[in-house]
Number of protein chains: 2
Amino acid sequence: MRLSDTIEAFIKTLIQEEDQSCELKRNELAEYFHCAPSQINYVLSTRFTPDHGYIISSQRGGGGCIRIVRIRETARDRLTYLVNERIGESIDETSAQILCSQLAESQFIPLEEAKLMASAVSRQALSLPVPEEIKNMMRARILRSMLTVIAQREK
Amino acid sequence: MRLSDTIEAFIKTLIQEEDQSCELKRNELAEYFHCAPSQINYVLSTRFTPDHGYIISSQRGGGGCIRIVRIRETARDRLTYLVNERIGESIDETSAQILCSQLAESQFIPLEEAKLMASAVSRQALSLPVPEEIKNMMRARILRSMLTVIAQREK
DNA sequence: GCTTATAGGTCAAAGTAAGTCAGAAATGAG
DNA sequence: CTCATTTCTGACTTACTTTGACCTATAAGC
């Protein structure tokens, strides 16, 4: 069994035990498994992505740590669909606006939040000297980021 | 938990108890927490700035002390200030995060929306090969755009 | 007034911890 | 065996915390 798989299993056990989330010290974990600290990042970035149903946040400096939260199942399915099928790597303004209002219509989020999301990726918000193609990629990322936060909510 | 977090929590409790303001002796506090007096300044300058919604004043010399007052402001005034003055043409990620969470802390917006807004201008959301300078300009525009939407609903 | 004691302020250096990224090494499919 | 993919590492970077030496302001006593 590969080290990465072992570390993955270890973290998943922690998450199970600690009610769908856990906090860990990168350096401690690396020492425990006798590997480079960056290996932990590798495991996280290949096996604990939003696609896999996890959210990662971290803090550097003294007392810093890495926090992993598992996204609940139903929200995860919805999120996966939206992110992969509707958004992808790039999305134009019109499609983004439509997507936001549909999210509100289907009661996935309140109308207020839909407006907020739409305004974040509106033409006005991104009116800067950057190629339209890049802007559309930004729209995709911004939407994905916001949807990930939404999926994290408790039902 | 970090010492700075502990001190922050302690001060916030004081402020709660004493009607949105408090006075404290730097040296006493430092002694109480067994730390260097300058640590108190560190906590104040990283967690009790105007962006966080606090005003600090102090007096040196015999009987001197530090006074912390929580800013009382209407939602409308706060939003106007942020949009027209504070955010400007460019804002870095950390400041943006602080401003968003402060809005929630003042109960001008729900915590969920603050998280949504913060995620829209997070590093992850904007992780594209664009100069940081441009990203910060985008952050400013995106935030302003969202705050404008929020301001509209206040009426 | 002048001096001294008492407070707080500043800043840079040291300490702690995580992130990034390119490239080396291992693995596996054909 | 070969090439592509995945895993793993280490050097370097960034972020945040803590401390201490030195500076400045104010009050109180002479």
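Just so you know, all these numbers are worked out from the coordinates, no wet-lab data involved. Since the structure is predicted, the reported quantities are computational estimates derived from the model, not experimental observations. Don't worry about glycine lacking a Cβ; one is built from the backbone with ideal geometry, like all the others, and counts go over all protein chains shown.
Structure values in brief
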item: Hydrodynamic radius of the protein assembly as shown per Kirkwood, over alpha carbon pairs, in Å; result: 21.6 Å
item: Label geometry 7 Å along the beta-carbon vector: A:THR94 inter-copy distances in nm; result: 4.3
item: Cα-based helix-to-principal-axis angle, B:111-120 vs chain B, degrees rounded to 10; result: 60 degrees
item: Whole-number Å³ per residue for the convex hull built on Cα positions in the range B:3-70; result: 79 Å³
item: Helix A:3-17 vs. chain A, principal-axis angle (Cα, 0 to 90°, nearest 10); result: 80 degrees
item: Lysine pair count for chain A [Cα-Cα under 27 Å; pairs on different chains or 8 or more apart]; result: 4
item: 7 Å along Cα→Cβ, label-point gaps from A:ALA36 to other copies, nm, shortest first; result: 3.4
item: Cleavage-rule hits, GluC sites (Glu not before Pro), the range A:1-92, DSSP coil, Cβ neighbours within 10 Å at most 11; result: A:GLU18, A:GLU89
item: Label spacing, shortest first and in nm, from B:ARG67 to its equivalents in the remaining copies (7 angstrom along Cα→Cβ); result: 3.5
item: 14 Å beta-carbon shell around A:GLY64, net charge (K/R +1, D/E -1); result: +2
item: Computed over chain B, Kirkwood Rh from alpha-carbon pairs, angstrom; result: 17.1 Å
item: Relative contact order (%) - the range B:61-147, alpha-carbon pairs under 8 angstrom, separation at least six; result: 38 percent
item: The range B:125-153 and the range A:105-124: distance between their alpha carbon centers, rounded to Å; result: 15 Å
item: Among B:ALA104, B:ALA118, B:ALA36, residue whose mean-square fluctuation peaks in a GNM of chain B (springs only between Cα atoms under 10 Å); result: B:ALA36
item: Distance between the range A:14-76 and the range B:1-79 - C-alpha centres, whole angstrom; result: 33 Å
